[in-house]
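I have placed the structure first, in the form of structure tokens, so that the comments after it can refer back to it.
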Amino acid sequence: MAEKTEDETETGTTTVTAVDSDEQTAVRTAERPEEAAADEHAGPAEARSRAGQGAAAVVSAALGVVSLTGGWPGTVAAARETLVGQLRTAADASVATQIKEVYGDAWDTTALWGGLFALAALITAVVVLVRPAFGAPGRTAQAPWIKSVAWAGLTLGVIGLLLAVLTYTGLLLGLPAAS
């Protein structure tokens with residue numbers, strides 16, 4: 001025979017304890033039974049919403065990593081800029097002009113693509129983090145792992161955007177000066 005009791009603390013946290021009268025043992029089942037019950041009985045729409053938020057959080061982190069490591073579009077665009085620079089630069093052009101046209105534009109293109117990926121990571125992470133504020137009233141809880149991954153995506157996006165801006169402006173790893 002099991003008996004359930006509820007104890008409410010000053011902070012409003014309810015602890016549900018199931019007591020087995022035969023063995024006199026107590027088991028704590030949930031800190032907030034109303035949330036545990038809501039999670040168990042969440043409808044398909046709620047499950048899809050959480051799955052979507054989780055997927056978006058992972059995408060934001062992946063975009064943040066790509067912004068730091070480079071991606072296929074950035075590599076292709078940089079190679080294209082190198083080729084265009086070689087075609088536009090005359091054989092008798094100065095060394096400074098050759099460096100700028102062949103390498104500088106490709107470097108800037110790589111930084112631009114990294115910045116675009118970082119910006120996409122930032123926007124996606126912010127949407128995931130503010131999504132609970134625009135959900136159904138009373139259902140603002142978000143799984144901790146979703147928040148953690150979204151914060152990681154936001155952090156990687158900020159770092160990627162900072163590095164892209166510093167690289168594009170030449171403050172970080174600028175082109176060498178021609179002597």
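Among 105-113, 49-57, 121-129, what's the highest-first ranking by average C-beta atoms within 10 angstrom per residue?
Most protected by this proxy first, the peptides run 121-129, 105-113, 49-57.
Each other residue within a Cβ distance under 12 Å of Thr109 adds +1 if Lys or Arg and -1 if Asp or Glu, for a net charge of -2. Straightening the chain between Lys147 and Asp92 buys 14.1 nm, computed as 0.36 nm per residue apart minus the Cα-Cα spacing. Each principal axis of the Cα cloud of segment 65-165 was taken in turn, and the coordinate range along them, longest first, works out to 71, 18, 17 Å. Spin-label model, Val165 to Ala62: label points 7 Å out along the Cα-to-beta-carbon direction sit 2.7 nm apart. Taking label points 7 Å from Cα along the Cα-to-Cβ direction, Ala178 and Val127 give a separation of 4.5 nm.
Values quoted throughout were computed directly from the atomic coordinates according to the rules given, and no laboratory measurement underlies them. What you see is a predicted model; the values in this text were computed from it and never measured. So basically every Cβ, Gly included, is an ideal-geometry build from the backbone, and we count neighbours across all protein chains shown.
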